[in-house]
Amino acid sequence: MFQPIQADDLRYNQKYKIVAGDVYSGIYKGKLWNDNLYLEFDEVCNLTSDYYSPRFFMPTRMFFKFVSQKERIQNDMERRAVNRIIQKILFDPYFTW
């Protein structure tokens, strides 16, 4: 799952999805001033090709960070298991922790 993020909140050496006409992915490396502010990304690839190269994007582009759902799924499974165990101990099929 991807979550939008502002250009000011990008973190060094983190991988992001970038929407700038096409969709790219790349690792954020920092800012570069050359008359305008540009954001430097390394190992940038278009999602339709395997070509990796450094690239510069304007901060007005759309950036997204990946948010893993693994932790939420794990917590939900553990909560269900605890509820079932306690329901059997209490003989109450409607008990919820």
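None of the figures in this text is laboratory data; all of them are computed from the coordinates on show. Only a predicted model underlies this, so the values are computations on that prediction, with no experimental measurement involved. Glycine also receives a Cβ, built like all others from the backbone with ideal geometry; neighbour counts cover every protein chain displayed.
A compact table of results
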{"item": "Under 14 Å, Cβ to Cβ, from Phe41 - net charge with Lys/Arg +1 and Asp/Glu -1", "result": "+4"}
{"item": "Crossing angle, helix 70-90 versus the chain [Cα axis fit, 0-90 degrees, rounded to tens]", "result": "0"}
{"item": "Computed [θ] at 222 nm, helices only, for the chain once each DSSP H run of length n ≥ 4 contributes -39500 (n - 2.57)", "result": "-7500 deg cm²/dmol"}
{"item": "D (Stokes-Einstein, µm²/s), Kirkwood Cα radius, the stretch 2-66, 0.890 mPa s at 25 °C", "result": "211"}
{"item": "12 Å beta-carbon shell around Gly30, net charge (K/R +1, D/E -1)", "result": "+1"}
{"item": "Other-chain or far-sequence residues with amide H under 5 Å of Phe95's (modelled H)", "result": "none"}
{"item": "Residue-count net charge about Arg11 - beta-carbon cut-off 13 Å; Lys, Arg +1, Asp, Glu -1", "result": "+2"}
